[in-house]
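First comes the structure, then the notes that go with it.
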């Protein structure tokens, strides 16, 4: 079977198969879940559910990506810290990620036991890499169209979006390693929808292999996003099939981690793609042998 770059987060070694990062939002206004896991107990119940469904990583978010009500760093920390603390105690071997663009929040959640900082906005606070390195934690480097956090793109254009994404992410990943983050703890994410129109996101999906060829493990955050909705003219509740189709295309080209709302379905799709690629064997193999 083909070997893949190792992924290790604070001593937790992940398998070489394709991996699922489950989304758990402690926000009242996220575009898909719309507050279903805003209460602490609902968030903790959701973590238990996605772990049972096969998630390898759980990503906790306290601020929605889109524009909206201002959330201070203190409020963000108040939302995510109790989840991190409770999950770390109950699931000591689970890789736990926090979706934040603030170095101060990253420091608090890493001190509470998180393993990975998922920064979706091109690291607007450079200290984030230093903070992650000081805890031996990992980082996700994401292309966001060079926009400030929580900004929607407007008539954004690139001479070559694939080249821009590859160059930006290679630079961010190198900066993270220079700050002391272990190479095997760095992921890159092309940032579908972030600073991009639908045609940009489709082009990046089609050219996933260009990201894989950088040598950095690739994370794809495709789940129910607007580019899927615009292709199919569907609202978020009806975007599962489109999401899974994009997931299969990216996985077949070698993307490694998939941030997902629909964990069980994504696990199954990735298991099938991995078997086709020769990354993992069938779970059962009796046909024609009995």
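The values are calculated or read from the model by the stated rules, or taken from the named source; none is laboratory data. Note that the coordinates shown come from a computational prediction; the quantities given were computed from them, not determined experimentally. Glycine also receives a Cβ, built like all others from the backbone with ideal geometry; neighbour counts cover every protein chain displayed.
It is to be established whether one or more residues within segment 14-34 are surrounded by 14 or more Cβ atoms within 10 Å (Cβ to Cβ), in contact with a helix residue (DSSP H, G or I) (Cβ under 7 Å, 6 or more places away or on another chain), assigned to a helix (DSSP H, G or I) and modelled with pLDDT of 95 or more. Looking for residues that are surrounded by 14 or more Cβ atoms within 10 Å (Cβ to Cβ), in contact with a helix residue (DSSP H, G or I) (Cβ under 7 Å, 6 or more places away or on another chain), assigned to a helix (DSSP H, G or I) and modelled with pLDDT of 95 or more, one finds none in segment 14-34, hence no. From 246, 275, 210, 264, grab the single residue that is in a helix (DSSP H, G or I), within 19 Å of the chain's Cα centre (by Cα), surrounded by fewer than 22 Cβ atoms within 10 Å (Cβ to Cβ) and without any contact (Cβ under 8 Å) to a residue 60 or more places away in the chain. One residue alone meets the criteria, 210. Answer with yes or no whether residue 75 is part of a helix (DSSP H, G or I) and farther than 22 Å from residue 176 by Cα. It is true that residue 75 is part of a helix (DSSP H, G or I) and farther than 22 Å from residue 176 by Cα. Of all residues in segment 213-229, those satisfying the criterion of being in contact (Cβ under 8 Å) with a residue 24 or more places away in the chain and either touching a strand residue (DSSP E or B) at 6+ places or on another chain (Cβ under 9 Å) or not in a helix (DSSP H, G or I) (or both) are 214, 215, 216, 217, 218, 219, 220, 221, 222, 223, 224, 225. For residue 5, the requirement of being outside any helix (DSSP H, G or I), out of contact with any helix residue (DSSP H, G or I) (no Cβ under 8 Å at 6 or more places or on another chain) and modelled with pLDDT under 95 is not met.
I'd like the full set of residues that are assigned to a loop (DSSP other than H, G, I, E, B) and either in contact with a strand residue (DSSP E or B) (Cβ under 9 Å, 6 or more places away or on another chain) or in contact (Cβ under 8 Å) with a residue 24 or more places away in the chain (or both), limited to segment 151-174. Don't jump to the end; show me each part of the working.
First, pick out the residues of segment 151-174 that are assigned to a loop (DSSP other than H, G, I, E, B): 151-160.
Once the filter is applied, which keeps residues that are assigned to a loop (DSSP other than H, G, I, E, B) and either in contact with a strand residue (DSSP E or B) (Cβ under 9 Å, 6 or more places away or on another chain) or in contact (Cβ under 8 Å) with a residue 24 or more places away in the chain (or both), segment 151-174 yields 151, 152, 153, 156, 158.
Got at least one residue in segment 255-278 being modelled with pLDDT of 95 or more, over 27 Å from residue 34 (Cα atoms) and touching a strand residue (DSSP E or B) at 6+ places or on another chain (Cβ under 7 Å)? Looking through segment 255-278, at least one residue is modelled with pLDDT of 95 or more, over 27 Å from residue 34 (Cα atoms) and touching a strand residue (DSSP E or B) at 6+ places or on another chain (Cβ under 7 Å). Among the residues making up segment 25-53, those that are in contact with a strand residue (DSSP E or B) (Cβ under 6 Å, 6 or more places away or on another chain) and either within 30 Å of residue 281 (Cα to Cα) or touching a residue at least 60 places away in the same chain (Cβ under 8 Å) (or both) are 33, 46, 47, 50. Being over 28 Å from residue 67 (Cβ atoms) and either touching a helix residue (DSSP H, G or I) at 6+ places or on another chain (Cβ under 6 Å) or part of a loop (DSSP other than H, G, I, E, B) (or both) is a property that holds for residue 177.
Here residue 40 meets the list (1) within 26 Å of residue 256 (Cα to Cα); (2) at pLDDT 95 or above; (3) surrounded by fewer than 22 Cβ atoms within 10 Å (Cβ to Cβ); (4) touching a helix residue (DSSP H, G or I) at 6+ places or on another chain (Cβ under 6 Å) almost entirely, failing just condition (1).
Got at least one residue in segment 98-110 being in a strand (DSSP E or B) and more than 15 Å from the chain's Cα centre (by Cα)? No, segment 98-110 has no match at all.
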